[in-house]
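Have a look at the structure below, then the notes.
The values are calculated or read from the model by the stated rules, or taken from the named source; none is laboratory data. Keep in mind that what you see is a predicted model, and the values were worked out from it rather than measured. Cβ placement follows ideal geometry from the backbone for every residue including glycine, while neighbour counts extend to all protein chains displayed. The protein model used for the area step is the full one, side chains on, heavy atoms only, and it has no ligands, DNA or RNA in it. Shrake-Rupley method; radii C 1.70, N 1.55, O 1.52, S 1.80 Å.
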Amino acid sequence: MRLSLVTKFSYGVGHVFNDFCASMWFTYMLIYFNKVVLFSSQLSGSVVLVGQIADGLATPFVGLMSDRGEGCRYGRRKTWHLFGTIIIMCTYPFIFSPAVGLQDSETWAKMLYYCIFIVFFQFAWASVQISHLSLVPDLTPDEHERTALLAIRNSFTVIANMTVYVLLWTVLQVESNGIDQDQPITPSDSGKFQIVTYTTAVIGTIMSILFHVGVKEGRQESLLPGDDSLNVLPETGNTTMSLFCKIRLYQVSIEFALILES
């Protein structure tokens, strides 16, 4: 069965909010905390490390839970996607904003403040990423259609990254009136980062709504063990730890890491 253009487009924009967040996180996070929040380089790196550890723990958890979850009328993948999107909406803006009520507090208090939001944000980000990607085989069994969905998804990822760059570049240049293009970033630029954050949050939310309206997942039963070539879930009667004995898990992890590095 061929998917309609509406379904393909709606699926493609379903990860845009995550892509906005990822672009801000990996490209401008260290700059923001070091130049705007005035954390030291070591402390700024530690904040990012906390987020990556949280993401590393959340990703396999979400994958297991979304696979094992019983199907529902709305769809187990879309349920996780919706849950993650709501949490991102509630945490993402706070990461790139001054610590509320802690402007004159000690550095450790500010770090704790940001780390709390970052941990919840990373769990939500993983929920959206895993549910969105794992939705592909649920939508169609056709390999060509799956390839098309992934191609559209990656295209919007590129567009999202370019959008963040253009937005931030524009805000920084316009606000500085073009007087000094080499003007360093300072704590006074906090509002400029907030403009980009809120803009991407609004656009990302709209894209997520289009995804949930345009993609119909349908009811799916929880995955059952059987075909080891298609899943890495532990067999019935085994403990969850047996998941880590599956060679395919490490093959997929290595391939994913290589893709990120490229």
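Quick notes
- Of the residues making up the range 34-51, those that are in contact (Cβ under 8 Å) with a residue 60 or more places away in the chain and open to solvent by 60 Å² or more (accessible area, probe 1.4 Å) number 2.
- Within the span defined as the range 137-145, every residue fails to be at positive phi, open to solvent by 40 Å² or more (accessible area, probe 1.4 Å) and out of contact with any helix residue (DSSP H, G or I) (no Cβ under 9 Å at 6 or more places or on another chain).
- Residues within the range 52-84 that are closer than 30 Å to Val166 by Cα, open to solvent by 30 Å² or more (accessible area, probe 1.4 Å) and either among the aliphatic types (A, V, I, L, M) or part of a loop (DSSP other than H, G, I, E, B) (or both), tallied: 2
- Members of the range 163-204 found to be β-branched (Val, Ile, Thr), surrounded by 14 or more Cβ atoms within 10 Å (Cβ to Cβ) and at pLDDT 85 or above, listed by number: Thr163, Val164, Val171, Ile195, Val196, Thr197, Thr199, Thr200, Ile203
- Of the criteria (1) open to solvent by 10 Å² or more (accessible area, probe 1.4 Å); (2) among the small types (Gly, Ala, Ser); (3) over 25 Å from Gly191 (Cβ atoms), which one Ala126 fails: (1)
- Residues located in the range 103-120, provided they are touching a Ser or Thr at 6+ places or on another chain (Cβ under 6 Å) and open to solvent by 60 Å² or more (accessible area, probe 1.4 Å): Phe120
- Qualifying residue in the range 4-12 (condition: of a type outside the set (D, E, K, R) and not in a helix (DSSP H, G or I)): yes
- Screening the candidates Ser155, Ser134 for the property of being under 19 Å from Phe26 (Cα atoms), among the small types (Gly, Ala, Ser) and touching a helix residue (DSSP H, G or I) at 6+ places or on another chain (Cβ under 8 Å) yields one hit, Ser155.
- Flag for Trp108 being modelled with pLDDT under 95, aromatic (Phe, Trp, Tyr) and over 21 Å from Tyr28 (Cβ atoms): yes
- Val100 satisfies every condition listed in (1) surrounded by 13 or more Cβ atoms within 10 Å (Cβ to Cβ); (2) of a type in the set (A, V, I, L, M); (3) assigned to a loop (DSSP other than H, G, I, E, B) except (1).
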